[in-house]
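See below for the structure under consideration.
The values are calculated or read from the model by the stated rules, or taken from the named source; none is laboratory data. Remember, predicted model here, so these are calculated numbers, not experimental data. Cβ sites come from the backbone with ideal geometry, for glycine too, and all protein chains shown count toward neighbours.
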Amino acid sequence: MNNERIEKFLALVSDETSGFEKKALWRKANKAWLNKSALIAIKILRAISDQGSSQKELAEKMVVSAQYINKIVKGSENLSLETISKLEAALGIQLIEVVGFSSSVNYEIPESVQPEINMSAEIRKDIPLENEIFSSQPEPYSLAA
């Protein structure tokens, strides 16, 4: 009786692997851009809704297929800057903003070459420090407008 149940169970179970582990590892490895893509997708869907438009109309404006727009709004498409720019133009919204640049390059000028600059305190207080620029970034799941 027990062997019969095992045989029935094994007949129902597929010999092929589901690929779940491979997909989970891929999602983990690509988590950073997938989160950003999902946030962009939400902004796109919100803009489409606010404008009383549709994904099909957006596809027509961008001269792409409706299927491609559907991939974008699922939040799993690795968007190029070109595609993001086209989306921004078609929707009339800003999806991303360049707020700073990497400070991995040493931009210091040797003292022997530096001119003497007297910058008033009033001017200096308007220039944010690098850590102020990057610490003011929204949280990864923030949808700051």
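A few remarks follow.
- Any chance Ser136 is within 19 Å of Leu34 (Cβ to Cβ), of a type in the set (Ser, Thr, Tyr) and at pLDDT below 55: no
- Members of the range 54-95 found to be loosely packed, with under 15 Cβ neighbours inside 10 Å and assigned to a loop (DSSP other than H, G, I, E, B), listed by number: Ser54, Val63, Ser65, Lys74, Ser76, Asn78, Ser80, Gly92, Gln94
- The requirement of being of a type in the set (Ser, Thr, Tyr) and more than 16 Å from the chain's Cα centre (by Cα) is satisfied by Ser49.
- Only one of the listed residues (Ala24, Ala38) is touching a Gly at 6+ places or on another chain (Cβ under 6 Å) and part of a helix (DSSP H, G or I). That residue is Ala38.
- Residue that is surrounded by the most Cβ atoms within 10 Å (Cβ to Cβ), among those in the range 26-53 that are closer than 17 Å to Leu95 by Cα, free of Cβ contacts under 8 Å to residues at least 40 places away in the same chain and small (Gly, Ala, Ser): Ala41
- When each of Lys56, Lys31 is tested for being farther than 15 Å from Ile96 by Cα and within 11 Å of the chain's Cα centre (by Cα), the lone residue that passes is Lys31.
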